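The values are calculated or read from the model by the stated rules, or taken from the named source; none is laboratory data. All figures in this text were calculated on a predicted structure; none of them were measured in a lab. Positions of Cβ are backbone-derived with ideal geometry, glycine not excepted, and every protein chain shown enters the neighbour counts.
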Amino acid sequence: MEETFAASSPAASPNGRVMVVLTILFLVALACGWRYAPEPVARALFRQESLIRAEGYADRLAGFLDNGAQAFLDGAVTARDINWLQGVAATRDLYRIVLRGPTGRAFWSTHPGDLRLSLAMPEVQATLRRGAIHFAHLHLPDAEVLGSANVVGAGTAATDHLGRDVNHLILPVRWRGQVIGAIETYQDVTALNNSWLETIRWTFGLVAGVIGLLGLAAMLCIRRAGADRLSASRAHAQAETEFLSQQLRQGREVRLLGDLNEWLQSSESLDELFYMVTRFMSHLLPALSGAIYVYSASRDVLDGSCSWNGGTHRTHIHPEDCWGLRRGRTYSNSESEVRFVCAHVPDDDHAKDHICIPFLAHGETVGMMHLTVQDTLAPQTVARHRKLAQMCAEQISLAIANVRMRDELHDQAIRDSLTGLYNRRHVLDMLRRRIDLRKAAPFSVIVIDIDHFKQFNDNHGHDAGDVVLRSVAEVLASACDGLDTAARMGGEELMLLLPDIEPATATARAEALRKAVADLTLRYGDKTLPRVTISIGAAHYPAHGATPQEVIRAADEAMYAAKANGRNGVVSAGDVRPGSLLPRGRSEEGATTAIAAA
């Protein structure tokens, strides 16, 4: 029995003896490693962790600067960038950050003394040219790290046995595939280094007390512990990066909202305003497509004004087509289990979530913003975008109301309240601007006077005279084509400005206008007013004057010549005899009486 047992024991078999020897050698190796291995292992892990966390960090950090990578080419940062960089240094335990340009020379640093230094080490420059990260573990004096001594250059030798452990990284900044600068950081890792070193020493001590196969298990545990710590470091770095990205995103959104408000307030027209909105919304809400609708002057429909990010808008929609307008508040068809789709939503988007935000300004609804949500967006992202869109809607609605109010005030200042035509001051300004331009294009001026207008007021009352004025003004306005301008110069005198037209064409237009007025049948109350006729004088620039006053005076004289010729006619300034109020070939007899009666 004893022989059988001895033959079957692990120590007696060759495999058993090998296991014993391997176990002894394993324990000896662990005992030696406990004394000599921890510090190199800790440094290796530190290096691996630092390189993982630093990968791509420089490009991301440069992207959050106001001018992005351009700051490294210009060698300049803004005051907001400086505040943000100092905040980054505080949150990441960085006691020193240096920004370097393409030549390696520093253009900003948390230590002003760095601005006099450049990267002179060939091996560092070669590493950066390859686009790789330069990493070094330094041992620096306490005074330097804690800020009570002058800053020394990179690569200081580890001469102090009492000092601080520092991770020194130089991260290349890339732009369009080229390295255009570098970000140099110094991080105090003394506490972290000591913590890791102490942990590894204890781990190796415990492993040394384990025998046989348990030693191998202990090594696996150490490896697992290192992986967990590395995973935790990566998770911490990821969380830190996400938090930093969130802060930077919020700062960017606040900055864009401020810029949007400033640009909207400086817009001079609705077309310009909607162009600005399209540009800004593409940056503020890049994940949402949208469109804007604004109430027309009649308020019976909403006009499609602009769209962005692939969104489309209809020419017109009715207020009852939108649940947001009908309910008077923001509506999202994904808020409840029972979904109702707005009638203005295209058929292809019925299955998608959409948001309608009414525009409210000065107690009045001025329009609506429609947003289409992509299916891939997470609910929390949609909620954040919706909140941002509502803030945009507040600014846009006020801007629309202000532009419309400004347009109304401007329109009141340049238009005649009775006829709706432009007033005398506005037309004279237009003429002056046209003539002041170099090589001004020719134009014609047609002056219209209503014949016997005083009799309408005396025989039928001033209200009847207003009816006559408005009716003739409507004919004049309908005769305008393209850039033509109709105006009331005062009393019963009207004028039509015809740019880029020949004198013969202007005379023909005036004759057509005379016939149109003569064909009018006007009623006031229960009676028909007498037939309305007009006398017209036409003048041409530059043939009949070099200034607005001269051209208008020539047209006035032609109009009085038309009255002297029997009224209800058209006379061109070129047909008026010099020093006379009669057309060429007409006798002076009766002219004075005719003009006085006019």
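The figures follow:
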item	result
Selection from the stretch 431-449 of residues that are of a type in the set (A, V, I, L, M, F, W, C) and either under 24 Å from Tyr560 (Cα atoms) or at pLDDT 90 or above (or both)	Leu431, Phe443, Val445, Ile446, Val447, Ile448
Sole exception among (1) in a helix (DSSP H, G or I); (2) touching a residue at least 24 places away in the same chain (Cβ under 8 Å) for Met495, by number	(1)
Qualifying residue in the stretch 384-394 (condition: more than 38 Å from the chain's Cα centre (by Cα) and either modelled with pLDDT under 85 or assigned by TED's automatic domain parsing to the domain that holds Val366 (or both))	no
Any hit, the stretch 401-421, residues being polar (S, T, N, Q), part of a strand (DSSP E or B) and either in contact with a Ser or Thr (Cβ under 7 Å, 6 or more places away or on another chain) or in contact (Cβ under 8 Å) with a residue 12 or more places away in the chain (or both)	no
Complete set of residues in the stretch 93-105 that are in a loop (DSSP other than H, G, I, E, B), at pLDDT below 80 and surrounded by 15 or more Cβ atoms within 10 Å (Cβ to Cβ)	Gly104
Residue count, the stretch 389-403 (criterion: of a type outside the set (Asp, Glu), surrounded by fewer than 17 Cβ atoms within 10 Å (Cβ to Cβ) and under 17 Å from Tyr331 (Cβ atoms))	1
Restricting the stretch 272-301 to residues that are small (Gly, Ala, Ser) and touching a residue at least 24 places away in the same chain (Cβ under 8 Å), the residue that is farthest from Lys352 (Cα to Cα)	Ser282
Strands (runs of 3 or more DSSP E) contained in the stretch 278-391 and holding at least 3 residues of a type in the set (A, V, I, L, M)	288-295, 354-361, 364-373
Residue count, the stretch 106-142 (criterion: modelled with pLDDT of 75 or more and of a type in the set (Val, Ile, Thr))	2
Subset of the stretch 456-469 (residues that are in a helix (DSSP H, G or I) and not β-branched (Val, Ile, Thr))	Phe456, Asn457, Asp458, Asn459, His460, His462, Asp463, Ala464, Gly465, Asp466, Leu469
Of all residues making up the stretch 61-81, the number that are assigned to a helix (DSSP H, G or I) and either touching a Ser or Thr at 6+ places or on another chain (Cβ under 6 Å) or more than 21 Å from Thr103 (Cα to Cα) (or both)	3
Pairs where the first residue, in the stretch 325-344, is in the same structural domain as Thr372 (by TED's automatic domain parsing) and exposed (fewer than 14 other Cβ atoms within 10 Å of the Cβ) and the second is in a loop (DSSP other than H, G, I, E, B) and of a type in the set (Asp, Glu), C-beta under 6 Å, 6+ apart	Ser334/Asp353
Set Arg415, Arg406: member being of a type in the set (Lys, Arg), within 34 Å of the chain's Cα centre (by Cα) and modelled with pLDDT under 90	Arg406
Hey, Gln48 within 14 Å of Ile97 (Cβ to Cβ), loosely packed, with under 15 Cβ neighbours inside 10 Å, of a type outside the set (A, V, I, L, M, F, W, C) and out of contact with any Gly (no Cβ under 8 Å at 6 or more places or on another chain) or not	no
Test: residue in the stretch 358-372 that is of a type in the set (Asp, Glu), more than 20 Å from the chain's Cα centre (by Cα) and either surrounded by 13 or more Cβ atoms within 10 Å (Cβ to Cβ) or more than 18 Å from Gly310 (Cα to Cα) (or both)	yes
Test: residue in the stretch 443-455 that is touching a strand residue (DSSP E or B) at 6+ places or on another chain (Cβ under 8 Å), assigned to a helix (DSSP H, G or I) and in the same structural domain as Ala573 (by TED's automatic domain parsing)	no
Complete set of residues in the stretch 160-211 that are modelled with pLDDT under 75, in contact with a strand residue (DSSP E or B) (Cβ under 8 Å, 6 or more places away or on another chain) and of a type in the set (Ser, Thr, Tyr)	none
Whichever residue in the stretch 57-76 is in contact with a strand residue (DSSP E or B) (Cβ under 7 Å, 6 or more places away or on another chain) and closer than 17 Å to Gly251 by Cα and, among such residues, is surrounded by the most Cβ atoms within 10 Å (Cβ to Cβ)	Ala62
Condition check for Leu498: over 24 Å from Ala561 (Cα atoms) and in contact with a helix residue (DSSP H, G or I) (Cβ under 6 Å, 6 or more places away or on another chain)	no
Search result, residues across the stretch 482-508 that are farther than 23 Å from Arg432 by Cβ and either within 44 Å of the chain's Cα centre (by Cα) or not small (Gly, Ala, Ser) (or both)	Glu492, Thr505, Thr507
